[in-house]
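Worksheet: one structure, shown below.
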Amino acid sequence: MLEALLWDVDGTLAETERDGHRVAFNLAFAEAGLPWGWCERRYGELLQVTGGRERLLADMATRADAPATPAAREALARRLHALKNAAYARLVAEDRLRARPGVVGLIRAARAAGLRQAIVTTTSRANVQALLPRLLGPDWANCFDALLCGEDVAAKKPDPEVYTLALQRLGLAPARALALEDSPAGCQAAQAAGVAVLLRPSAYFPRPPDGAGWTWDEARPPDLTALRLGHARHRAVA
């Protein structure tokens with residue numbers, strides 16, 4: 001029986017990677033006086049690395065004009081990441097990001113039906129707290145029984161730690177939950193924790209990875225009955 005929905009954030013709730021985080025990184029570079037910039041293609045490449053600070057370090061490793069020492073690169077990455085998070089919050093406040101179709105309706109229907117829900121992401125808590133009030137309104141926190149973010153774990157997705165912790169917080173067995181994800185790393189994290197996945201393909205991850213579970217059809221957003229049936233079928237064949 002399905003008892004809980006575990007929501008990823010970036011790419012799943014909104015197209016935040018392409019339209020939010022990438023833009024905010026470029027604003028951070030400009031604010032820091034750096035002649036750097038990430039086009040959509042380059043940012044897509046960097047999404048193979050999980051975590052904003054980690055992406056900065058990966059990019060610096062390819063740049064001749066990056067600081068020479070690991071310590072200096074780490075210091076710059078932390079500074080740029082802080083600037084980027086502030087820029088991201090400004091973009092959200094300017095209403096530059098919108099919920100993907102069907103997201104708000106499903107969250108509210110699940111709440112009304114008594115399903116438990118959690119945010120299970122390894123992005124920063126500040127980014128989540130900036131975005132969700134814009135997508136769901138001032139009572140957004142009432143929709144969720146747990147909020148798990150990057151600060152809560154030692155390892156980011158595809159490591160299953162954040163999902164394992166979410167299940168512990170909710171007091172649920174993996175078979176009772178369904179993860180909603182858009183990326184291969186997110187799918188791997190959920191599945192490694194024993195949680196079934198409903199994949200929501202996004203701009204940077206348009207094709208389901210092998211063994212991803214089943215897929216959210218943009219033309220026909222799932223209702224709760226479809227979710228429960230799909231979850232039952234998936235658990236039966238997994």
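Mind counting the residues in the stretch 208-225 that are assigned to a loop (DSSP other than H, G, I, E, B), free of Cβ contacts under 8 Å to residues at least 60 places away in the same chain and surrounded by 10 or more Cβ atoms within 10 Å (Cβ to Cβ)?
6
Which of the numbered conditions does ALA154 fail, given that it passes all the others? Conditions: (1) within 15 Å of the chain's Cα centre (by Cα); (2) part of a loop (DSSP other than H, G, I, E, B); (3) at pLDDT 95 or above.
(1)
Is there any pair linking a residue in the stretch 39-68 that is farther than 14 Å from THR123 by Cβ to one that is not hydrophobic (A, V, I, L, M, F, W, C) and not in a helix (DSSP H, G or I), with Cβ under 6 Å and at least six apart or on different chains, and which?
Within 6 Å, the pairs are GLY44/TYR204.
Anything in the stretch 91-119 that is open to solvent by 60 Å² or more (accessible area, probe 1.4 Å) and touching a residue at least 40 places away in the same chain (Cβ under 8 Å)? List them, or say none.
ALA93, ARG96, ARG98, PRO101, ARG116
Could you give me the residue pairs with C-beta distances under 6 Å whose first residue belongs to the stretch 152-172 and is under 19 Å from GLU54 (Cβ atoms) and of a type outside the set (Lys, Arg), whose second residue is part of a helix (DSSP H, G or I) and open to solvent by 40 Å² or more (accessible area, probe 1.4 Å) wherever it lies, and which are 6+ apart or on separate chains?
The qualifying pairs are VAL153/GLU161; ALA155/GLU161; PRO158/GLN188; PRO160/ALA192.
When you scan the stretch 6-22, do you find a residue that is over 16 Å from the mean Cα position of the chain (by Cα) and either modelled with pLDDT of 95 or more or buried (at least 19 other Cβ atoms within 10 Å of the Cβ) (or both), even just one? Spell out the reasoning first.
Quick first cut of the stretch 6-22, residues over 16 Å from the mean Cα position of the chain (by Cα) only: none.
Scanning the stretch 6-22 turns up no residue that is over 16 Å from the mean Cα position of the chain (by Cα) and either modelled with pLDDT of 95 or more or buried (at least 19 other Cβ atoms within 10 Å of the Cβ) (or both).
Within the stretch 72-82, does at least one residue satisfy the condition of being within 18 Å of VAL9 (Cβ to Cβ), part of a loop (DSSP other than H, G, I, E, B), in contact (Cβ under 8 Å) with a residue 12 or more places away in the chain and under 19 Å from the mean Cα position of the chain (by Cα)?
Keep residues of the stretch 72-82 that are within 18 Å of VAL9 (Cβ to Cβ), which gives 81.
Keeping just the survivors that are part of a loop (DSSP other than H, G, I, E, B) gives none.
No: the stretch 72-82 contains no residue that is within 18 Å of VAL9 (Cβ to Cβ), part of a loop (DSSP other than H, G, I, E, B), in contact (Cβ under 8 Å) with a residue 12 or more places away in the chain and under 19 Å from the mean Cα position of the chain (by Cα).
The values are calculated or read from the model by the stated rules, or taken from the named source; none is laboratory data. This one's a predicted model, so the numbers in the text were calculated from it and none came from an experiment. Here Cβ is always computed from backbone atoms with ideal geometry, including for glycine, and neighbour counts include all displayed protein chains. To get the accessible areas, we keep the full protein, side chains included, count just its heavy atoms, and leave off ligands, DNA and RNA. Shrake-Rupley method; radii C 1.70, N 1.55, O 1.52, S 1.80 Å.
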